[in-house]
1. Where does the chain land at 222 nm, in deg cm²/dmol rounded to the nearest 500, when only DSSP H runs of n ≥ 4 count, each adding -39500 (n - 2.57), divided by all residues?
2. Tell me the carbon and sulfur percent of the accessible area for the range 38-113, rounded to whole percent, probe radius 1.4 Å.
3. Quick check: residue separation of TYR157 and ARG72 times 0.36 nm, minus the Cα distance between them. What number comes out in nm?
4. If the elastic network links every pair of Cα atoms under 10 Å, which of THR105, THR62, THR185 fluctuates the most in the Gaussian network model of the chain?
5. Compute the distribution of all C-alpha to C-alpha distances in the range 1-82, in bins of 10 Å from 0, and list the percent of pairs in each, rounded to whole numbers.
6. Return one number: the angle in degrees, 0 to 90 and rounded to the nearest 10, between the long axis of the Cα atoms of helix 64-77 and the longest principal axis of the Cα atoms of the chain.
7. GNM, the chain, Cα, under 10 Å: largest mean-square fluctuation among HIS78, HIS169, HIS197?
8. Quick one: grab Rg to one decimal and Dmax as a whole number for the chain, Cα atoms only, in Å.
Amino acid sequence: MKIFLDTANLDEIREIAAWGILSGVTTNPSLLAKEQGADFRETIAEICRLVNGPVSAEVIATDVPGVLAEAREYAAWHPNVVVKIPLTPNGISAVSILAREGIKTNVTLCFSANQALLAALAGATFVSPFVGRLDDISEDGMALIRDIVKIFRNYAYIKTHVLAASIRHPRHLVEAALAGADVATVPTAVLKQAIKHPLTDAGLEKFLSDWNKRSTNHANPRERLENSRGFAKIRG
Ligand code: E4P
């Protein structure tokens with residue numbers, strides 16, 4: 001399963017991109033609105049410079065001509081831009097037209113398997129089922145991911161990728177991977193929780209303290225390396 005970062009914050013994207021595990025970024029109007037004063041186009045362009053993979057930019061229009069106009073404009077900004085379109089009848093109509101034009105789309109606000117199937121049939125590149133928001137209303141968000149993955153696998157002609165969205169905690173990440181989601185888009189805080197384990201921290205602390213207690217006539221790895229280079233020079 002690939003991991004996208006679910007944020008419009010450039011500092012967060014820079015920090016997590018340095019881990020070398022990011023395959024893309026998703027933004028939405030709420031995430032962009034948090035970045036007060038940032039220009040939408042420049043933010044998307046900068047994200048495309050930081051991460052070499054799909055970068056979702058969401059339309060604001062809700063009518064077909066409006067969605068098409070915004071989508072064509074965003075798609076011209078950078079080849080990695082994926083136009084994020086809400087799952088409405090107008091949105092689906094626009095997705096089918098954009099698919100024929102070769103414009104990549106991420107159909108967002110998906111809350112049912114039927115909606116996902118329709119997005120796939122329209123030719124969406126990604127469909128984003130919102131796991132956390134379903135959990136919030138006492139439904140089983142991850143069951144939706146499992147259903148969609150199963151349905152899409154039944155039909156070889158469906159090429160749409162399942163993008164697990166609205167991820168709220170590290171367990172969601174594990175379950176999305178077990179369910180076979182193609183991608184999970186994850187907030188920075190959740191990725192930072194996911195990389196940590198108290199036994200890793202305790203284990204590292206013990207390794208380092210044991211190492212520091214060693215007898216001083218053993219060279220540390222760096223000293224050993226430098227010594228061996230010295231010998232190589234003498235031998236050479
Ligand atoms: C990403 O594509 C979605 O917009 C995002 O994951 C929604 O997450 P939220 O439900 O935590 O706002």
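1. On the way: 12 runs with 129 residues, N = 236.
It comes out at -16500 deg cm²/dmol, rounded to the nearest 500.
2. Numbers: 1830 of 3290 Å².
After summing per-atom areas, the C and S share lands at 56 percent.
3. Working: separation 85, 0.36 × 85 = 30.60 nm, distance 2.54 nm.
Roughly 28.1 nm would be gained on extension.
4. Highest fluctuation of the listed residues: THR62.
5. Computed distribution, short to long bins: 18, 52, 26, 4, 0.
6. Computed tilt is about 30 degrees.
7. HIS197
8. Here Rg and the maximum Cα pair distance are 22.8, 77 Å.
The values are calculated or read from the model by the stated rules, or taken from the named source; none is laboratory data. All values derive from a computational prediction rather than experimental measurement. Cβ sites come from the backbone with ideal geometry, for glycine too, and all protein chains shown count toward neighbours. SASA here: full protein model, heavy atoms, side chains in, ligands and nucleic acids out. Shrake-Rupley method; radii C 1.70, N 1.55, O 1.52, S 1.80 Å.
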